[in-house]
1. Antiparallel as a % of all DSSP beta bridges within the stretch 327-418, to the nearest 5?
2. Pop out the ³J(HN,Hα) list for the stretch 220-227 in order, Karplus 6.51 cos²θ - 1.76 cosθ + 1.60 with θ = phi - 60°, rounded to Hz; leave Gly and Pro as x.
3. Measuring with a 1.4 Å probe in the full set of protein chains, what accessible area per residue, in whole Å², belongs to the stretch 90-238?
4. Label points 7 Å out from Cα along the Cβ direction at Glu30 and Lys245: separation in nm?
5. Any idea of Asp353's accessible area? Nearest 10 Å², probe 1.4 Å.
6. Of Lys63/Lys171; Lys71/Lys100; Lys362/Lys417, which sit over 31 Å apart, Cα to Cα?
7. I'd like to know how the stretch 327-418 sits against the 2.2 N^0.38 Å rule of thumb: what's its Cα Rg over that expected value?
8. Starting from the Cα-Cα distance between Lys71 and Ala295, subtract it from 0.36 nm times their residue separation and give me the gain in nm to one decimal.
Amino acid sequence: MSSFASSPGTRDILSPDSSRWRLFQATFAEVVERAGYQYIIPPMFEELGVFLRLGDSTEVVTKEMYDFEDKGGRRIALRPEQTASVCRAFVEHRPTTPWKVWYAGPNFRYEKPQQGRYRQFDQVGIEALGVDDPMLDAEVISLASNFYQELGLQQVQLFINTLGDEGDRDKYTEALRLYFTENLSLLSAESRITLEKNPLRVLDSKRPEDQAIIGGAPTIRDYLSDGAAEHFQAVLSALDAMNIKYTLSDRLVRGLDYYRRTTFEFVSTALTAAHTAIGGGGRYDGLVEQLGGPATAGIGFAIGLDRTLLACDAENVFAAPNTSVSVFVVDTTGGIHAAELCLLLRSNGVSVDRAFDHRSMKAQMKAADRRGAAIAVIIGSDEVEQGTVVIRPMGDGQQFSCPKSNVLETIRLELQKLGS
Ligand code: AMP
């Protein structure tokens, strides 16, 4: 019979990594819920049109979408990111503003799989809708930065830029079009195609042959309206006040077309592979309107879980949590006494595992060791007769007998003594 492996660009996340993922999301939840963000669970697929609003010059939309026709003849796409879904939800439910939400979960992009780049990858992120105060930009950025700190990461660099308002962005885009067109022969073939669709995205090119020409390109700073320039300055002042370090980056345009004003990216300097961006975001003041809602300001970020964990590995922080149980019940009388004791302990909050299939005492003790239990509770025929159990610390320490009626308290005390 043929067997299957997971599809390219997808992986099974097994224990203890899976517990690390859960802890990652729980840590994120703690950081952002402390700041008043509420959990949202958007669907994993939407009508294709929702994501087409991300812009037709982004590869996420043009090349990487998992789209298909469902059995009802609808054009559907697996979500490549969650900001568009959150904005669609905002338009659909019209919550009061400011609407501050956070999410966690997988996205899907048909990319070339490699280390740090997957077809199914997880993100955690926040979105805040309905406020255009630069203090919100600063709050959003500070929360990402705070989260990286909570993970224990130190080698994270924040790059920040502004893309100006729509009018500024248009003028700047034209200036870039002119500049790149004048220097067309120096651009890579790929960037020439990008230029036709969106000159701004040429700045995103990582191709070595484009770097010289990109280096001499006009910068957005000369095209900023007063409002956009003031907004940006206020964001930077707030970051300074919070002592959050940043590097100004003229070339940071980010992948998706909907960004306005503040854009930012977090890069891990501990990662040496090609993909060092571990999170990013920005303002998208036009997106809600494009999805059929009222003109609404919005800002958010997404942090790549997979890649951020690679950065944690590189810095040797945020290790997988311990997945062992506290207690292992060894029952050599057939197993029903273990069933009874497991139920008692579990319903009182003690983590406990057991063996099955009538294993020998020796095999069960081995299993207790493998599960990392701090103590084994042994029940043999003598114990059943006497109404007792034997408690055996798995490391050093003497085993002792205790009456069954007192087993919960005794185990709790013993676990406390062993510090587990
Ligand atoms: P984006 O939604 O493209 O702004 O990406 C935000 C973050 O998600 C990036 O900084 C990466 O950490 C992560 N990310 C994006 N695409 C992938 C992918 N294909 N595989 C793994 N992580 C990704």
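The values are calculated or read from the model by the stated rules, or taken from the named source; none is laboratory data. Treat the numbers as computed from the prediction; the structure is a model and nothing was measured. All Cβ positions, glycine included, derive from the backbone under ideal geometry; neighbour counts span all protein chains shown. Each accessible area value is taken on the protein alone, full model and side chains, heavy atoms only, with ligands, DNA and RNA left out. Shrake-Rupley method; radii C 1.70, N 1.55, O 1.52, S 1.80 Å.
1. Details: 8 of 16 bridges.
Rounded to the nearest five, the antiparallel share is 50 percent.
2. 4, 3, 6, 10, 6, 6, 4, x
3. 47 Å²
4. 2.5 nm
5. Near enough 40 Å² of accessible area.
6. Lys71/Lys100
7. Working: Rg = 11.7 Å, N = 92, 2.2 N^0.38 = 12.3 Å.
It is 0.96.
8. Extending this stretch completely gives an extra 77.2 nm.
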